[in-house]
Amino acid sequence: MPPRRCFSGLTHVAATAVRGKLANVQPATGDGDLIFPHGFLWGVSTSAHQVEGDNHNNQWSAWEAAGRIKSGDRCGRACDWWSNAERDFDLAQDMGINALRISVEWSRIEPRPGVWDQPALERYREILRGLRQRGIRPVVSLHHFTHPLWFEAMQGFLAAEAPALFERFTRRVVNALGDLCQDWVTFNEPNVYCAMGYAVGLFPPGRRGELFTTFKVLAGILRAHGRAYRAIHELQPHGNVGWAHNYVVFEPLRPGLPFDRWIAALHHSLFNDSFVRVIAEGTLPLGFGMVAGDLSEARGTCDFFGLNVYGRLYVCFDPRKPSQLFGNIFVPESVPQGDWGTEGPLAEAYPGALRVAAEYAARLGKPIYILENGVPDAQDRIRPWLLVNALNELHAALRDGIDIRGYFHWTLTDNFEWNDGWRLRFGLVELDPATQRRTMRESGRLFAIIAKRNRIPGELVKRYEGNGVATVTKELTQKGPA
Ligand code: BGC
């Protein structure tokens with residue numbers, strides 16, 4: 001079992017209350033169909049830099065210009081959404097998708113401090129209208145890894161003014177788009193942003209091993225999040241505001257060995273628990289509050305818990321890895337996994353991760369949205385199996401009474417995967433970035449069937465049953481495109 005030590009019992013009561021409400025989710029019907037609650041959101045998630053194309057004023061474009069994208073690819077036009085997102089909205093509509101998460105690109109909207117680009121806001125209005133006209137509910141993230149170069153130059157979220165600047169940006173966006181959108185994600189994966197940028201060094205600004213700085217940045221984001229949450233509610237009292245949290249199942253390799261369990265629990269606490277603990281209780285775990293200062297203003301600032309879940313990592317004690325807090329974190333060869341990126345496999349493709357993450361999140365006592373879940377898989381070798389089984393686990397969590405309101409797959413169309421560029425393909429729809437040609441994958445067809453019927457047909461449950469090791473052949477676990 002993954003480590004479960006987490007934020008305190010106070011939320012347990014609320015979680016129990018939320019659980020009670022959903023006791024009416026049906027078990028499988030006679031023909032084995034798994035039916036989802038009425039109004040369940042079947043969505044896909046995207047982010048501005050990964051799909052829009054031609055973003056040249058944020059820190060990721062500078063990272064690319066400096067030759068830091070590991071795959072050597074160029075983002076270029078990406079999926080061409082800045083000129084034609086509507087082509088993919090048509091596709092989404094045809095697939096029965098009823099919700100779509102985008103992000104707004106701060107560097108387009110505020111290209112210089114205090115200077116606002118009205119045509120950019122107008123384009124976002126057009127995008128949101130385009131979704132609504134197709135019966136698709138928009139969810140907007142305000143920060144998905146990228147921000148303007150001027151903001152990065154002042155040290156991003158380490159700067160004392162960062163929370164106020166982010167609040168000012170948030171107000172501008174909500175004033176401009178608020179009549180078209182009510183669902184807001186303040187930040188995408190603060191834990192990944194901080195860890196990758198300041199501990200691992202694979203995201204800009206590329207700093208490594210700076211544990212205290214990592215927590216200072218997290219604290220800056222928490223303050224910015226808290227201010228944005230309050231600002232949105234002031235402007236839009238019925239707004240639905242949360243953040244997207246990356247949850248990893250850290251599995252001790254040898255559960256019988258206390259060292260493996262402790263190291264797994266430590267990584268769980270630092271990575272999974274930190275942000276959540278502040279939202280739940282107002283303080284960081286493990287004494288990091290000393291570095292971060294008073295964060296009590298962020299307590300209680302969420303209306304929902306957004307979860308991004310990609311699977312499971314194995315952890316064992318390794319005295320040779322002080323920089324990883326004496327943990328070797330890896331993906332065994334024998335488990336199902338998607339294509340390999342430049343740094344190896346992302347995680348074990350583990351359908352059960354969704355249920356574990358949902359159980360964890362339920363303790364906050366708020367509705368849950370799965371805001372990302374997927375696998376890099378250019379040939380669609382493993383995605384159909386993963387999709388059907390992850391949704392099966394999600395349905396089990398609903399039957400347990402966990403209040404999950406929607407599932408957003410990452411992603412609709414292959415897009416620019418950060419350091420892995422075009423090498424990793426997460427789309428339900430394949431994209432050739434050179435020609436912009438789209439080709440539906442089998443997993444896209446499956447997703448459409450499930451979304452349109454609001455159920456997993458029993459026949460699909462049967463077709464893909466198995467634990468993955470049995471059904472996923474060697475071919476399925478091969479190490480990605482050449
Ligand atoms: C991020 C996405 C990314 C996906 C796949 C998530 O952590 O939010 O931007 O493309 O993972 O790696």
Legend entry - 29 Å Cα cut-off, lysine pairs counted over the chain (separation 8 or more, or different chains): 13
Legend entry - Mean projected area in nm² (Cα convex hull; one quarter of hull surface) for the chain: 21.0 nm²
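With the contact rule set at Cα under 8 Å and sequence spacing of 6 or more, what percent relative contact order holds for the chain?
Working: 1024 pairs, mean separation 102.9, N = 482.
Over the chain, the number comes to 21 percent.
Leu286 to Ala28: extension gain in nm, 0.36 nm per residue of separation minus the Cα-Cα distance?
On the way: separation 258, 0.36 × 258 = 92.88 nm, distance 4.30 nm.
Net length gain for the segment: 88.6 nm.
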Inset, instruction - Return the whole-Å distance between the Cα centroid of the range 91-130 and the Cα centroid of the range 375-403. - result: 29 Å
Legend entry - Simple spin-label estimate for Arg463 and Ala65 in nanometres, 7 Å along Cα-Cβ: 4.8 nm
Inset, instruction - Just need the Rg to Rh number for the range 330-382, please, alpha carbons only, Kirkwood Rh. - result: 1.06
Inset, instruction - Run the quick spin-label model on Asp303 and Gln379: label points 7 Å from Cα toward the beta carbon, then report their separation in nm to one decimal. - result: 4.5 nm
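If you place +1 on the Cβ of every Lys and Arg and -1 on the Cβ of every Asp and Glu, how big does the dipole about the Cα centre of the range 116-225 come out, in debye to the nearest 20? All intermediate terms of the calculation are to be shown ahead of the outcome.
Numbers: 13 positive and 10 negative charges, 41 e Å.
Approximately 200 debye in magnitude.
Where a number appears in this text, it was derived from the coordinates with a stated rule and is not lab data. Since this is a predicted model, take the numbers as computed values, not measurements. Please note: Cβ atoms are built from the backbone with ideal geometry, for glycine as well, and neighbour counts cover all protein chains shown.
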